[in-house]
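Each remark here refers to the structure printed beneath this line.
The values are calculated or read from the model by the stated rules, or taken from the named source; none is laboratory data. These numbers were taken from a predicted model, which means no experiment stands behind them. Counting neighbours? That spans all protein chains shown, and the Cβs are built from the backbone with ideal geometry, glycine included.
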């Protein structure tokens, strides 16, 4: 079911509605603005997960001399805290972003098949 | 006393491993069930295809995919999930969890970075294929052709390898056949009539149901095998951990069997190589999500989604699915190292575990067969998806665009069928005498495809100033960079890092070639875009601004 996007249904931090008649400029598509904001959130999540996971595993999981093997819930502890916990955390963050942050923007109407509506256009 | 008992147990496991497990009737029955289910799904899909125009129905499922279909099929897990990846865990140990760790962000990156924009743009342009999306967005037929050629080339290599994997699986389904290796680069010795028979049967089955149902047939069979794989892995992990005496004991036993490197980074390797040094650990945290969100097969699925809510729901469904696949699979393979420590070929790990762990269960043979049929299903689904993408590229972007723009629906249907049959025959012919280093070529093709399309896809979605020439430069630069690094690596010696393969890249500064490909793609795409004529404002506005028929009534515009 497509949800119709209200022109004010934009992330508050990026909303900026301009009148077309005043500025003469076209209004940026709300889906684009929301998608860009959400993409930055996703990138931040990605980078945070990468930095934490790789750093933790490098510090505690790479073989130094006389390293004692410790376990947490059956996993080597460095795997549990360096991979399993971040994985669960990312799942939670993904859930929050997808259900509560991402906007249900309308994808818009579908264009007619370009090959039915235009003359043939060879290279 | 405990040590002696453990030694006896290990000896018992080794004897089992030495025998190599044999398949039973169960696997054959399970494969037959998979094939029947796939053909049935293909027939169902055909009914949906008939509801609208052939092109949109056959290649895009009428843009009606729901969250489950998108989530469980967007990443298009191949047989590699069940064969190559377990082999790595068995070989190198717990460090592979970090190697695959970036799958924790694959759901959110796969859908959250570009999902909504791709879905929107494909509707605004009316695009049915990825090359068409590029063509319409940048108003460049040449760009469309370039994208089409690249996609068809890369995916053809990947698909041909999957045909071989499918043929091997069919061959070993015959009762009493000894499981040797399910690897795509498993050697085929001389003239092997069972392999050729398996190849023919596999080709007829997959091409057949894809021909009938098109994109939806590919998606639904992918969904079906994804569910089977999930259930199979869940069952295996519940059996494997107790059999190994618990996960902690499994690790301790595996360390005894191999060395301390099995439990630590950079991973265990008898030849002393570092499987995952820090540079590669960083690289692979970038690699998997990047190749995921830019893969042509994945993007087509996003184009086919129903609405934005489908994309949102797909994210958490895929999160749950990945959690249920990858971490349990790692646990199974660690247990395998304890239970069957000396497998001749590490690709045998899942088949051997499946047969061994279920042999005492009621209907154990059938259960093992269903588990072993999961990689078969994965291979079928991958081939089917690639067939659709390749056929759509050739039919829509070459035949309909260039050769016969006035083509009727009947002509398009015949062209699609003809293309799929031709591609299937080509794949069979190429596998009669399989190319040496085929698996290596597959890996290289995957890297090239990723490096070619990551940056152009982002440019397509978010950069107004991007030009057709800039995008072409980005595609070519990415592909050439990866190609060059592989060529240098092939000519040079073993760097003793990463996976031990015959055809390996040159790891410049220890970094995966894909990253260099993306860097060069970014530089080339940016510079060429900036120094070429900007696209027409009106054209750009169509893709980036609110369209006139979507404007709210004037009284709701805030002054």
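Tabulated data for the structure shown
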{"item": "Residue within the range B:282-303 that is buried (at least 22 other Cβ atoms within 10 Å of the Cβ) and in a loop (DSSP other than H, G, I, E, B) present", "result": "yes"}
{"item": "Answer from B:97, B:119 - the residue that is touching a strand residue (DSSP E or B) at 6+ places or on another chain (Cβ under 7 Å), part of a helix (DSSP H, G or I) and within 12 Å of chain A (Cβ to nearest Cβ)", "result": "B:119"}
{"item": "Options B:118, B:168, B:179: the member that is in contact with a helix residue (DSSP H, G or I) (Cβ under 8 Å, 6 or more places away or on another chain) and modelled with pLDDT of 75 or more", "result": "B:118"}
{"item": "Residues of the range A:46-69 satisfying the condition of being touching a strand residue (DSSP E or B) at 6+ places or on another chain (Cβ under 7 Å) and at pLDDT 90 or above", "result": "A:57, A:61, A:62"}
{"item": "Residue within the range B:332-344 that is within 14 Å of chain A (Cβ to nearest Cβ), assigned to a helix (DSSP H, G or I) and without any contact (Cβ under 8 Å) to a residue 40 or more places away in the chain present", "result": "no"}
{"item": "Every residue from the range B:376-415 that is without any contact (Cβ under 8 Å) to a residue 60 or more places away in the chain and away from every other protein chain (no Cβ under 14 Å)", "result": "B:410, B:414"}
{"item": "Subset of the range B:254-279 [more than 7 Å from every other protein chain (Cβ to nearest Cβ), buried (at least 23 other Cβ atoms within 10 Å of the Cβ) and part of a helix (DSSP H, G or I)]", "result": "B:254, B:262"}
{"item": "Residue pairs meeting the criteria (Cβ under 7 Å; at least 6 apart or on separate chains; first without any contact (Cβ under 8 Å) to a residue 12 or more places away in the chain, in the range B:238-265; second not in a helix (DSSP H, G or I))", "result": "B:246/A:74; B:248/A:71; B:248/A:74; B:259/B:268; B:260/A:63"}
{"item": "In the range A:35-69, the residues that are within 18 Å of the chain's Cα centre (by Cα), at the interface with chain B (Cβ under 7 Å from one of its Cβ atoms) and touching a residue at least 12 places away in the same chain (Cβ under 8 Å)", "result": "A:35, A:36, A:38, A:42, A:45, A:49"}
{"item": "Test: residue B:418 is away from chain A (no Cβ under 14 Å), surrounded by fewer than 16 Cβ atoms within 10 Å (Cβ to Cβ) and assigned to a loop (DSSP other than H, G, I, E, B)", "result": "no"}
{"item": "Test: residue in the range A:88-102 that is more than 25 Å from residue B:328 (Cα to Cα), more than 7 Å from chain B (Cβ to nearest Cβ) and crowded, with 19+ Cβ neighbours inside 10 Å", "result": "no"}
{"item": "Considering residues of the range A:70-85 that are in contact (Cβ under 8 Å) with a residue 12 or more places away in the chain and surrounded by fewer than 21 Cβ atoms within 10 Å (Cβ to Cβ) only, the residue nearest to the other protein chains (Cβ to nearest Cβ)", "result": "A:77"}
{"item": "Residue match in the range B:188-206 (condition: assigned to a helix (DSSP H, G or I) and at positive phi)", "result": "no"}
{"item": "Single residue of the range B:125-143 satisfying the filter (under 13 Å from residue B:63 (Cα atoms) and in contact (Cβ under 8 Å) with a residue 60 or more places away in the chain) that is farthest from the other protein chains (Cβ to nearest Cβ)", "result": "B:129"}
